[in-house]
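Quick notes on the structure that follows.
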Amino acid sequence: MELFRGSPADMTGRSDREIRSYAFLDRLGVRFDRTDHPEQPATTMEICAAVDAVLGVRICKNLFLCNRGKTRFYLLVMPGDKPFRTRELSRQMGISRLSFADGESMERFLDVRPGSVSVLGLMNDTDRRVSLVIDEDVLKEEMFGCHPCENTSSIRFATRDLTEVILPALGVVPAIVRLGA
């Protein structure tokens, strides 16, 4: 894997989702680096670790969740090395029960497929059906890594750009939680 600066010069073979992600970041003036790994989609934490070693960022888990009635949806971004405990997050969010949402809802609201969920998918949530939840430790990192809505490429940009440029442009105010170590 190789590290590149910014959007690909040639978008041949890239999905509309990925192209829209790059265009969104470019429109906002967000500087980012990327690596492509089409032969090894980031489907496991082990593959993510190899990708993140190239990017020089801490691995994040991106979990798409919903309440019991499937009327509220959440995108949780947390450090990859922290265990996810549904009860702990439910308590902090004041929600009686959370579970993993289905792939159909993920595609309908974020226009991403399972395995490619990313904070950048929120640009596709024009009805604001998905609430963003971020573990506070993610925000302590200098750089933030995610997929450009496809798990065959990965990007990094300043965490400050996430909080001060990207999320405000989307009109998203995240809930900040503190999950166990």
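The values are calculated or read from the model by the stated rules, or taken from the named source; none is laboratory data. Everything quoted here is computed from the prediction, not taken from an experiment. Neighbour counts are summed over all protein chains in view; Cβ atoms, including those assigned to glycine, are modelled from backbone coordinates with ideal geometry.
See the values below:
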| quantity | calculated |
| --- | --- |
| Flag if D127 is within 25 Å of A23 (Cβ to Cβ) and in a loop (DSSP other than H, G, I, E, B) | yes |
| First in segment 65-90 and within 22 Å of R129 (Cα to Cα) and touching a residue at least 60 places away in the same chain (Cβ under 8 Å), second anywhere and among the basic types (K, R) and surrounded by 15 or more Cβ atoms within 10 Å (Cβ to Cβ), Cβ under 7 Å, 6 or more apart | M78/K61 |
| Checking L98 against (1) under 24 Å from V173 (Cβ atoms); (2) out of contact with any strand residue (DSSP E or B) (no Cβ under 9 Å at 6 or more places or on another chain), the condition it does not meet | (2) |
| Residue that is surrounded by the fewest Cβ atoms within 10 Å (Cβ to Cβ), among those in segment 131-141 that are in contact with a Lys or Arg (Cβ under 9 Å, 6 or more places away or on another chain) and part of a strand (DSSP E or B) | S131 |
| Segment 114-141 - residue that is of a type in the set (A, V, I, L, M) and within 18 Å of T35 (Cβ to Cβ) and, of those, farthest from the chain's Cα centre (by Cα) | L120 |
| Lone unmet requirement of (1) assigned to a helix (DSSP H, G or I); (2) out of contact with any helix residue (DSSP H, G or I) (no Cβ under 6 Å at 6 or more places or on another chain) for R14 | (1) |
| Flag for I59 being without any contact (Cβ under 8 Å) to a residue 40 or more places away in the chain and among the β-branched types (V, I, T) | no |
| Residue in segment 142-176 that is nearest to H37 (Cα to Cα), counting only those that are assigned to a loop (DSSP other than H, G, I, E, B) and among the aliphatic types (A, V, I, L, M) | V172 |
| Test set (1) farther than 18 Å from L170 by Cα; (2) modelled with pLDDT of 95 or more; (3) buried (at least 20 other Cβ atoms within 10 Å of the Cβ) - A42 fails condition number | (2) |
